[in-house]
Amino acid sequence: MASFDSNGVRIHYEDAGSGDAVVLVHGFASNARYNWGITGWIKFLSERYRVIALDCRGHGQSDKPHDPAEYTLDRMGGDVIRLLDHLGIRRALLMGYSMGARISMWLMLRHPERFRAVVLGGVGAGGRMGDAGRRRKIVEALLAPDPSAIGDETARLFRQFAEANRNDLAALAACMGAERAEGGAATELASVGMAVMIVVGTRDTLVGDAEPLHKMIPGSVLVKLEGRDHLNAPGDRLYKEAVEKFFAKAPA
């Protein structure tokens, strides 16, 4: 992986293939290799595109600040824009999963001129992640000295997933605890003019119903992956096939 300085934070990224650029933004407590590498996305897309997959700040091989102020969408989305600038890429295709989809939504609203089309994976109307109280429980679980004492099931699963990927738990707690004043209200989403596809597993109870988001974004496409949940949806073959067709039709 290569790296660059994003306004004082070292960001690592994978750069594979050639052609039109596709930027991939992974989910919380994951990284480029886990979300996009071992699931086959980088290999699949790099046969047709130049694939840029970054480790978001606080994750993977990128720097891991412990200050929640470093994890606003303005800063995390800014890393993507600065990466494009660093590589001299004027416009790209964009796909984010879960946290990466939230970052991608911010990007399509704040920097629409930089993206031709956007895929929002593993995102819905909030579900069990839609309130500050839930996020606070996850922060507490990530920082808990004794994980066996974590009573909340969702928070305990986040802790287990974070540890399985050898994450910096304090950095993830800062990321989860960051302010959420990110925009994305219905009025903003109604003004989106680019091509958008939303992909979610039918058993993904973590993010909630994707239908309201689909209805808010004019002309968006909703793909439901039968039998998939939040963790196993990224590796789904039909997900790849849908994205391949969607990107092929994206405006130049």
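Over the chain, Cα pairs under 8 Å with separation of 6+ residues give a relative contact order of 20 percent. Highest mean packing comes first when the peptides 226-233, 186-193 are listed by Cβ atoms within 10 Å, giving 226-233, 186-193.
Among PRO212, PRO68, PRO234, determine the one that fluctuates most according to a GNM of the chain built with springs between C-alpha atoms less than 10 Å apart. Checking each option, the largest mean-square fluctuation is seen for PRO212.
Computed from the Cα positions only, the extents of the chain along the three principal axes stand at 52, 38, 33 Å, in decreasing order. Please report the spacing between the Cα centers of region 75-117 and region 136-212 in Å, no decimals. Measuring centre to centre over Cα atoms gives 19 Å. For the peptides 195-204, 241-250, residues were scored by their other Cβ atoms within 10 Å and the scores averaged per peptide; the highest-first order is 195-204, 241-250.
In the chain, the DSSP-assigned H stretches of four residues or longer account for a calculated mean residue ellipticity at 222 nm of -10000 deg cm²/dmol, using -39500 (n - 2.57) per stretch and the full residue count as denominator. For VAL221, the residues whose amide H sits under 5 Å from its own are VAL196, MET197, ILE198, ignoring neighbours fewer than 5 places away on the same chain, with H placed 1.01 Å from N. Once the convex hull of all Cα atoms in region 167-252 is built, its volume per residue stands at 142 Å³. Beta bridges from DSSP with both residues in the chain: antiparallel share about 30 percent, rounded to the nearest 5.
Throughout, read-outs are computed from the coordinates displayed, never taken from laboratory work. Computed from a prediction, not measured in an experiment: that's the story for all the values here. Positions of Cβ are backbone-derived with ideal geometry, glycine not excepted, and every protein chain shown enters the neighbour counts.
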